[in-house]
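In what follows, a structure is listed as structure tokens, so that the remarks can point back to it.
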Amino acid sequence: MTDQRAIDTSHPPDARGLSGDEATRRLLDHGPNELPAPQAEPGWRKIIRQFRSPLIYILLAALAIDTIAWFLAEAEGVPFEAVAIALILLGNAGLGVWQERKAEEALSKLGALTVPMAWVYRDGVLVQMPTRDLVPGDVLRVSPGDRIPADGELQSTDPVRLDASVLTGESVPIDKIHGDELPAGTLLVQGEAVVTVTRTGAGSAMGRLAELLGTVQTDLTPLGKRLQRFGNRVARWVLALAVALVAFGIWTEGVERLPTVVLFAVALAVAAVPEGLPAVLTVTLALGVERMARRQAVVRRLDAVEALGSVTVIATDKTGTLTENRMEVQEIDSPDRDACLRAMALVNDADPESEHGDPTEVALRKQAARLLGSLDALTELPRVGGRPFDPAWKFMRVTVREGQALRSYFKGAPEEVLSRCRTTDAERTSWAEKIRAHASEGHRVIGFATGDGEAEEQLTWLGLAVLWDPPRPEVPEAVRRTVAAGIRIIMITGDHPETALGIARKVGIGGDRVVTGSEVDRASPEQLREEVRHTSVFGRVTPEHKLRIVEALQASGEVVAVTGDGINDAPALRRADIGVAMGQRGSDVSREAADLVLLDDNFASIVAAIEEGRSIYANIQKFIRFLFSTNLSEIVVVVFGLVAAFALDLRDSAGALLLPLTAVQLLWINLVSDGAPALALGMDRNPAVLELPPRDPGLPLLDRASIQFILPTGVFKGAIALGVLWYLPRVGYGTEVARTAAFTFLAAGQLLFAYPARHIDLRPLTNPWLHAAVFAGILMQFSILWLAPFRHMLDAVALPWPIVLGILVAMVGAWGVAELTTRWLHHHWTQPAGSPRVP
Ligand code: ATP
């Protein structure tokens, strides 16, 4: 695929690139710049995987024993029980595969939202396009912090620095000069690179590029792991209990009753475990993150969803997140305006036509072009050297050849540039005062200087450019909602402290104190911990300071979300509980390190993500309450029912000990009737979720309020079912009718409990899915009693009308009691001790 004969790498650095037609032709020839898609897992393997769970093994064993028993009984009649278990197992596997597919689809959509992009010259214009469309011969612009998207050759004259650790494991950056090879997947750490692509796709050193940037990690989340561990533990206990029960059953009932005894043991196992939970959890998470993506926040690691609900502090940068990053030069304050304008245009890597590059530079260059007329004469000056901008030194130098002499131009943080200039004390004080005055209005102020040769001291001061970057209009409201949600906001910016304070005031972050990077340097860890408790604005900080601030916040118990876009922000993003990268202006490394990517770079989207994260967690808690309350009622019925049957020697028509509910009936409740409402609970919308304080990450999933719900409602429902089992035979109905009535009450009545389960601490919006799931479930439950095959499968009998009516009354009554319980809980529900309530 990588035919190099057609490749023309003779473009000069300022080459205008391939034509669109030529690129299309080459794309057809060479194929896209991506690795071949990995083989999808075959369907049969997916189905088999669904059976790999301890509980399913128990059910399979039951199925085998049931079938063998049927054979031993000379295959008489239809083995309804075995068929039912088999059908339910198959149905469950089918549902599992469907849900996995749904989750995969949702996540792959997320991946597609953050596809890696590159800046390419096409038809002479710099445009941004997905890296998969690159072809050999393309001329690229790569900025620091971005990965080299295809193998290429460095065309620019300025040397650049490359981190090739992805390929070599060596983390010390290496210098590359004009003509050197830049392998795909390596990271540009310093300097702007113009690169001509030599090889693309599988032919390049593509390495892990696509994987690093595009994929969403779908490992089991901590929540999923906790649930899995919990499930395994329950399964082990249940298995032990089941074995004991089987032994007991054989002892009392004899070996010939083995199949019945085994089925009972299975019934107990089934009753105790919420089989539908893992699948509901996966789909809820996947649909939740899809919703989050629609609100411009793309999750890269699913466990971020949980952490989002616990965030107590958002440490945000200013430029582009709180502000629009739409810079505009408002004033030039200079003793030599033309020289200042020349510096504005020369110390500049931006491409104003395509707006590629730093928005500050784009604005400066545009203004210089407007005031100077044309920049052609300037851009033709050969650049012979320079020093790229870095937040560590806060300025940038470009050295050009002017005639025979070399001349350097500087631009940067004004106090930094000023400190390198030859000025009198009086001049210095006067300029410092001007800088402060402009900055305190929230303006961004940039200083300029020039000097002979390549010296960086004893420069000539050229003056200031005053820029305005308006706060995003939606930010003040987002700030207000964040504070109402018990979350503190801290601004951490590399900009001037006064600018930082000015913008902080405008968006409502407030505070009249600002701590600078050098103060952070001087503070001991204890002092810094104290400082971060009271300070909301940090100015003139470097990414290293940011990391220290995050660590100090975490040391004082905060759960921190941190934004970052630059190449050096990766450590702080990794360290944070939630690292937030920017989809538009962020560098590739920052995105790789992040848990969350904001597609629109907007602070308001972090708040939306927190809202969704909290909402997803709340929904998970709701269906866990709902499902566990069912399990508890089933355990109550099975255990007490069996004890009673044993004590009173209740037997069915075949003489076997009467099971209060059969395994098939329990499986039906857990997998068929409960599944849809649980899923619908996962789709609840909870606008009030931002009015609650952040969740203490140490709190268990089954918190006090949930247990207070599960215990009374589970026991109550179980007690009613037991009452039905006890009462009906007493008034002349057969045991089969009693059992069907108890089953119907549990299966249908349980559905109504989805309502109280959802509003213990929240008032969610009306959820039509839930109404539909509950209504359809109840309808289905009653209709199957009239369908003979279902009746057989579920060991049920037709119910007389008065009993149907009685069940309906009992259902509504139980629902009413559950509503009263939750109302009482809601009234008395205070935040459990230990959870932070931030003022
Ligand atoms: P934020 O941290 O909110 O993104 P910032 O862009 O001001 O804000 P840094 O990138 O750390 O933060 O920049 C620090 C300072 O260096 C800026 O305030 C500005 O004065 C100066 N500066 C920023 N970009 C450049 C550049 N490309 N060339 C020269 N100086 C720059």
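The values are calculated or read from the model by the stated rules, or taken from the named source; none is laboratory data. No experiment lies behind these values; they were computed from the predicted model shown. Every residue, glycine among them, receives a Cβ derived from its backbone with ideal geometry; neighbour counts consider all protein chains shown.
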Just to be sure I understand the filter: pairs with C-beta atoms under 9 Å, separated by 6 or more residues or on different chains, first member in the stretch 390-413 and without any contact (Cβ under 8 Å) to a residue 24 or more places away in the chain, second member assigned to a loop (DSSP other than H, G, I, E, B) and more than 15 Å from the ligand (Cβ to nearest atom). Which pairs pass? Arg401/Leu381; Arg401/Pro382; Glu402/Leu381
Go through the stretch 317-332 and count every residue that is surrounded by fewer than 24 Cβ atoms within 10 Å (Cβ to Cβ), part of a strand (DSSP E or B) and within 14 Å of the ligand (Cβ to nearest atom). 1
Being over 29 Å from the mean Cα position of the chain (by Cα) and small (Gly, Ala, Ser) narrows it down to one residue among Gly511, Gly494; which is it? Gly511
Take the residues of the stretch 752-788 that are small (Gly, Ala, Ser) and surrounded by fewer than 15 Cβ atoms within 10 Å (Cβ to Cβ): which is farthest from Gln621 (Cα to Cα)? Ala788
Only one of these conditions is not met by Ala377: (1) surrounded by fewer than 18 Cβ atoms within 10 Å (Cβ to Cβ); (2) assigned to a loop (DSSP other than H, G, I, E, B). Which number is it? (2)
Output yes when any residue across the stretch 307-314 is of a type in the set (Val, Ile, Thr) and within 30 Å of Phe646 (Cβ to Cβ), and no when none is. no
Per-region count, the stretch 341-366, residues within 15 Å of the ligand (Cβ to nearest atom), buried (at least 20 other Cβ atoms within 10 Å of the Cβ), farther than 23 Å from Arg540 by Cβ and touching a residue at least 40 places away in the same chain (Cβ under 8 Å): 1
So which residues in the stretch 400-421 are more than 13 Å from the ligand (Cβ to nearest atom) and of a type in the set (A, V, I, L, M), if there are any at all? Val400, Ala405, Leu406
Residue in the stretch 742-760 that is part of a loop (DSSP other than H, G, I, E, B), among the β-branched types (Val, Ile, Thr) and closer than 30 Å to Arg488 by Cα present: yes
Counted residues in the stretch 383-399 being more than 8 Å from the ligand (Cβ to nearest atom) and in contact with a Ser or Thr (Cβ under 8 Å, 6 or more places away or on another chain) come to 8
Flag for Asp163 being at negative phi, within 34 Å of the chain's Cα centre (by Cα) and either surrounded by 21 or more Cβ atoms within 10 Å (Cβ to Cβ) or among the hydroxyl-bearing types (Ser, Thr, Tyr) (or both): no
Tell me the residue from Ala392, Ala377, Ala369, Ala363 that is small (Gly, Ala, Ser), out of contact with any strand residue (DSSP E or B) (no Cβ under 7 Å at 6 or more places or on another chain) and under 23 Å from Gly494 (Cα atoms), please. Ala392
Is there a residue in the stretch 469-485 that is touching a strand residue (DSSP E or B) at 6+ places or on another chain (Cβ under 9 Å), within 13 Å of the ligand (Cβ to nearest atom), outside any strand (DSSP E or B) and among the aliphatic types (A, V, I, L, M)? no
Return the residue satisfying two criteria in turn: it lies in the stretch 438-452 and is among the aliphatic types (A, V, I, L, M) and at pLDDT 95 or above, and of such residues it is surrounded by the most Cβ atoms within 10 Å (Cβ to Cβ). Ala449
Name the one entry in Glu100, Glu74, Glu105 that is out of contact with any Pro (no Cβ under 8 Å at 6 or more places or on another chain) and more than 30 Å from Gly288 (Cβ to Cβ). Glu74
Lone qualifier among Leu805, Leu799 - being modelled with pLDDT of 90 or more, assigned to a loop (DSSP other than H, G, I, E, B) and more than 42 Å from the chain's Cα centre (by Cα): Leu799
Which count do you get for residues in the stretch 494-508 that are assigned to a loop (DSSP other than H, G, I, E, B), more than 25 Å from Cys421 (Cα to Cα) and within 13 Å of the ligand (Cβ to nearest atom)? 0
Wholly enclosed helices (runs of 4 or more DSSP H) of the stretch 510-591 bearing at least 2 residues more than 15 Å from the ligand (Cβ to nearest atom), free of Cβ contacts under 8 Å to residues at least 24 places away in the same chain and surrounded by fewer than 17 Cβ atoms within 10 Å (Cβ to Cβ): 525-534
Have a look at His759, His771 and point out the one that is at pLDDT 90 or above and under 36 Å from the mean Cα position of the chain (by Cα). His771
Sort out which residues of the stretch 113-142 are in contact (Cβ under 8 Å) with a residue 60 or more places away in the chain, under 25 Å from the mean Cα position of the chain (by Cα) and surrounded by fewer than 22 Cβ atoms within 10 Å (Cβ to Cβ), and write them in order of number. Leu113, Thr114, Val115, Pro116, Arg132
Go through the stretch 176-205 and give me each residue that's of a type in the set (D, E, K, R), touching a Leu at 6+ places or on another chain (Cβ under 8 Å) and closer than 25 Å to Asp358 by Cα. Lys176
Expected single match for more than 18 Å from Gly191 (Cβ to Cβ) and touching a Lys or Arg at 6+ places or on another chain (Cβ under 9 Å) among Gly403, Gly412, Gly451 is Gly451
Is there a residue in the stretch 488-505 that is surrounded by fewer than 20 Cβ atoms within 10 Å (Cβ to Cβ) and under 30 Å from Arg614 (Cβ atoms)? yes
Sort out which residues of the stretch 359-386 are under 19 Å from Ala465 (Cβ atoms) and acidic (Asp, Glu), and write them in order of number. Glu361
Is at least one residue of the stretch 683-695 assigned to a helix (DSSP H, G or I), in contact (Cβ under 8 Å) with a residue 12 or more places away in the chain and polar (S, T, N, Q)? no
Boolean, Val246 is over 28 Å from the mean Cα position of the chain (by Cα), modelled with pLDDT of 70 or more and surrounded by fewer than 20 Cβ atoms within 10 Å (Cβ to Cβ): yes
Counting only residues in the stretch 454-468 that are in contact with a Lys or Arg (Cβ under 8 Å, 6 or more places away or on another chain) and within 12 Å of the ligand (Cβ to nearest atom), the one farthest from Leu501 (Cα to Cα) is identified as Leu464
